[in-house]
Amino acid sequence: MSWATEISDAADRIRPHIVQTPLLDTPALADLPVSLKLEQLQHTGSFKARGAFNTLLSHPVPEAGIVAASGGNHGAAVAFAARKLGYRATIFVPEIAGPAKIAQIRSTGADLTVVPGVYANALEQARAFEARTGAMQIHAYDAPATVAGQGSCFAEWDAQGLDADTVLIAVGGGGLLAGALAWWQGRRNVIAVEPENACALHAAQQLGAPTDVEVSGVAANALGARRIGQIAFDLATDTPSVLVTDTAITQAQKRLWQQHRLLVEPAGAAALSALTSGAYRPAAGERVAVLICGGNLATDPLA
């Protein structure tokens with residue numbers, strides 16, 4: 001497989017269906033100028049729409065429709081893409097997804113089941129539904145079509161004139177990180193940023209193989225994968241992994257609001273928090289960019 005070709009094809013395939021998200025260059029968030037890509041402005045409030053549309057547009061969909069497990073953002077994206085393309089969707093989310101994400105999925109008309117526990121529990125039920133009905137599973141992060149769709153974000157960023165040595169990316173199951181690594185193939189430094197209490201990639205790198213971890217904390221409903229995806233792990237063997245605290249994440253959230261009136265969910269602020277907390281310290285003259293990956297707050301602030 002040529003990842004460059006897969007991602008370029010995905011970008012072409014999904015272009016009519018997604019938003020080209022804007023950039024923001026700012027000196028106001030850290031002690032150096034930072035370039036942000038505002039992917040929380042994507043359809044359904046996260047980058048996940050890219051992988052969802054790429055999967056549905058590149059695979060035949062069975063009569064039973066589509067099934068997906070999600071911490072919330074992936075489910076919303078799959079449900080949105082399915083409605084736009086005329087397919088039936090069944091979504092399983094854990095109860096920690098939060099009321100706003102659950103309401104967003106329901107608004108699409110998808111069949112929704114809220115599962116006690118975390119993402120892994122929702123995935124178990126989605127797999128059982130797939131086996132029982134023959135529906136097509138759209139994995140949240142560990143599938144080539146998902147990764148290629150997420151990789152389109154970085155192809156788009158390059159086309160917009162990204163001028164950075166290093167890009168910081170939040171990691172849950174690793175689909176977004178895998179897309180970045182597959183696209184850039186070492187042409188830029190990529191730093192993986194994980195909450196210290198939801199750090200599946202960091203644990204896998206320490207052990208030398210994907211392993212189950214306990215997940216909790218403010219970003220668990222988006223970055224709470226219990227195990228890093230195999231695709232991401234294979235691509236990220238030598239990728240630096242930086243851990244951040246919940247406090248650092250919420251402080252970065254507040255800074256985005258206070259400085260630029262950007263409302264983002266904790267996962268959306270996680271990568272930035274590595275800079276604002278000092279968990280990642282750039283070298284002198286290093287040009288840094290950050291992907292803001294999601295904007296779906298647990299409670300809708302305007303509800």
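Computed from the coordinates by the stated procedures, all read-outs in this text should not be read as laboratory data. Since we're looking at a predicted model, the values are computed, not measured. No Cβ is skipped: glycine too gets one built from the backbone with ideal geometry, and neighbour counts run over all protein chains shown.
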Scan region 50-67 for residues that are polar (S, T, N, Q) and over 19 Å from GLN20 (Cα atoms) and jot them down.
SER58
Scan region 208-230 residue by residue and report those that are under 16 Å from the mean Cα position of the chain (by Cα), of a type in the set (Val, Ile, Thr) and more than 20 Å from VAL244 (Cβ to Cβ).
none
From the list VAL264, VAL290, which residue is more than 18 Å from THR166 (Cβ to Cβ), in contact (Cβ under 8 Å) with a residue 40 or more places away in the chain and within 16 Å of the chain's Cα centre (by Cα)?
VAL264
Yes or no: GLN185 in contact with a helix residue (DSSP H, G or I) (Cβ under 9 Å, 6 or more places away or on another chain) and of a type outside the set (Gly, Ala, Ser)?
yes
Is it true that ALA4 is assigned to a helix (DSSP H, G or I), of a type in the set (A, V, I, L, M) and surrounded by fewer than 17 Cβ atoms within 10 Å (Cβ to Cβ)?
yes
ALA270 being buried (at least 17 other Cβ atoms within 10 Å of the Cβ), more than 24 Å from GLY186 (Cα to Cα) and of a type outside the set (Asp, Glu):
no
Selection from region 110-123 of residues of a type outside the set (S, T, N, Q) and either in contact with a helix residue (DSSP H, G or I) (Cβ under 6 Å, 6 or more places away or on another chain) or without any contact (Cβ under 8 Å) to a residue 24 or more places away in the chain (or both) yields ALA110, ASP111, LEU112, VAL114, VAL115, PRO116, GLY117
Count - residues of region 249-267 that are of a type outside the set (Phe, Trp, Tyr) and surrounded by fewer than 18 Cβ atoms within 10 Å (Cβ to Cβ)
8
Working only within region 17-42, note down all residues that are without any contact (Cβ under 8 Å) to a residue 12 or more places away in the chain and touching a helix residue (DSSP H, G or I) at 6+ places or on another chain (Cβ under 9 Å).
ASP31
Quick one: which of PRO240, PRO210, PRO195 is in contact with a strand residue (DSSP E or B) (Cβ under 7 Å, 6 or more places away or on another chain) and either within 26 Å of LYS101 (Cβ to Cβ) or touching a residue at least 60 places away in the same chain (Cβ under 8 Å) (or both)?
PRO195
